[in-house]
Amino acid sequence: MTTNKVTKAVFPVAGLGTRFLPATKSIPKEIMTLVDRPLIQYAIDEARAAGIKEFIFVTSRGKSALEDYFDNAPELEAALKKPGKEHLLDVLESTNMESGAIAYVRQHKALGLGHAVWCARRLIGDEPFAVMLPDDVIAAEKPCLQQMVEAYEQTGGNMVAAMEVPPEKASAYGVLSVAEDMGSIVKVNGMVEKPKENPPSNLAVIGRYILTPQVLNNLNRKKEGAGGEIQLTDAIAEEIDESGKVYGFRFRGQRYDCGSKAGFLQATVAFGLARPELREEFSGYLHDMMALEKAAQ
């Protein structure tokens, strides 16, 4: 199947991050760090690996530090060049973005994820596009969005990343109703946002999407869904009846919910242990902590 390449990605980052107060009083949640890299850097690196060339941020007031993060820092570069700290210059270089590669639009009211994506409609135009939620950090040998782009080249249509969750946790997610299970790809015949009971499956949607421009037209109707918000899930679900081309993708990797404190801590431990220069000292510390806790019991 011939499909248009996905070269644009939308990053909804307008949230206030209230679960991380007081830190987020002055620091955007998206630049809080796992080890030494901000959450948003993990998302950008994943997008780049998938072939994304244009990065659209949906922001709000108080996010200027996020915008500054991707700018050049000539004073810092000069300070690193003088003592010859080339390895740090390489690290810094990876955070810079080409002029014109990033665009910012404002979401003035918190009306839901669907509304945030709708705010970027003029920059998306008439092309397929990705949506990435930086709160969902995915550790994978092959980056999650890259896996999805490769699968999308076979299917076209709309695709959402999906993972299996226990039934008692389904009410926190959009959940897929499966028409046909083809292994890593499932054909979807229904989507329910945060079902209170009787979820249609145990496949939950997480923060990676590849969508057609028609979804933007659906969002343009501004229908309120769960929680009185404009839900992206609802706009995608409309495409099941219209085109029949909505798919779930079981990605290979471990997802961490860094929008929650527990998930952020879990990710910090996992990514810390994955770093060769930190593993021995950090794992030793964790072992000692577990031994002390066991002794105290």
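The values are calculated or read from the model by the stated rules, or taken from the named source; none is laboratory data. Keep in mind that this is a model prediction, so the values were computed, not measured. Here Cβ is always computed from backbone atoms with ideal geometry, including for glycine, and neighbour counts include all displayed protein chains. Ligands, DNA and RNA are stripped out before the accessible areas are found, and what is left, the full protein with its side chains, is counted by its heavy atoms. Shrake-Rupley method; radii C 1.70, N 1.55, O 1.52, S 1.80 Å.
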#### Entry: Restricting the range 92-149 to trypsin sites (Lys or Arg not before Pro) in coil, as DSSP defines it, with at most 15 other Cβ within 10 Å
K109
### Summary
For T212 the rounded accessible area (nearest 10 Å², probe 1.4 Å, non-protein molecules ignored) is 30 Å²
#### Entry: Where H108, H87, H115 fall by accessible area, highest first, once all protein chains stay in place (1.4 Å)
H108, H87, H115
#### Entry: Percent RCO, i.e. relative contact order, over the range 57-140, from Cα pairs under 8 Å lying at least 6 residues apart
39 percent
### Message
Spelling out what I want: for every residue of the range 49-55, take phi, set θ = phi - 60°, compute 6.51 cos²θ - 1.76 cosθ + 1.60 (Karplus), and round to whole Hz; glycine and proline get x.
### Response
4, 8, x, 6, 10, 10, 10
### Query
What does the charge add up to near A161, with Lys and Arg as +1, Asp and Glu as -1, over the other residues with Cβ less than 14 Å from its Cβ?
-1
### Query
Counting pairs of alpha carbon atoms under 8 Å apart in space and at least six apart in sequence, what relative contact order in percent does the chain give?
22 percent
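At 222 nm, what value in deg cm²/dmol follows for the chain if DSSP H runs of at least 4 each add -39500 (n - 2.57) and the sum is divided by all its residues, to the nearest 500? Each step should come with its number before you reach the end.
Details: 11 runs with 107 residues, N = 297.
Dividing the helical sum by the residues of the chain leaves -10500 deg cm²/dmol.
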### Task
Would you kindly derive the ³J(HN,Hα) couplings of the range 15-20 from the backbone phi angles with the Karplus curve 6.51 cos²θ - 1.76 cosθ + 1.60 (θ = phi - 60°), listing them in order in whole Hz, with x for Gly and Pro?
x, 7, x, 5, 5, 10
### Query
Amide H to amide H, which residues 5 or more places from N158 or on other chains are under 5 Å from it, using H placed in the peptide plane?
V246, Y247
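May I ask you to compute the full-extension gain from I102 to S260, defined as 0.36 nm times their residue separation minus their alpha-carbon distance, rounded to one decimal in nm? Walk me through the intermediate numbers first.
Values: separation 158, 0.36 × 158 = 56.88 nm, distance 2.70 nm.
Full-extension gain reported as 54.2 nm.
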### Summary
Between [x] 28; [y] 34; [z] 51, the structure-derived percent of Cα pairs over 32 Å apart is [x]
#### Entry: Label-point separation, L16 to E86 (7 Å along Cα→Cβ), nm
4.9 nm
### Query
From the backbone phi of the range 97-112, what are the Karplus-calculated ³J(HN,Hα) couplings (6.51 cos²θ - 1.76 cosθ + 1.60, θ = phi - 60°) in whole Hz, Gly and Pro given as x?
10, 4, 4, x, 6, 10, 10, 10, 10, 9, 9, 7, 10, 7, 10, x
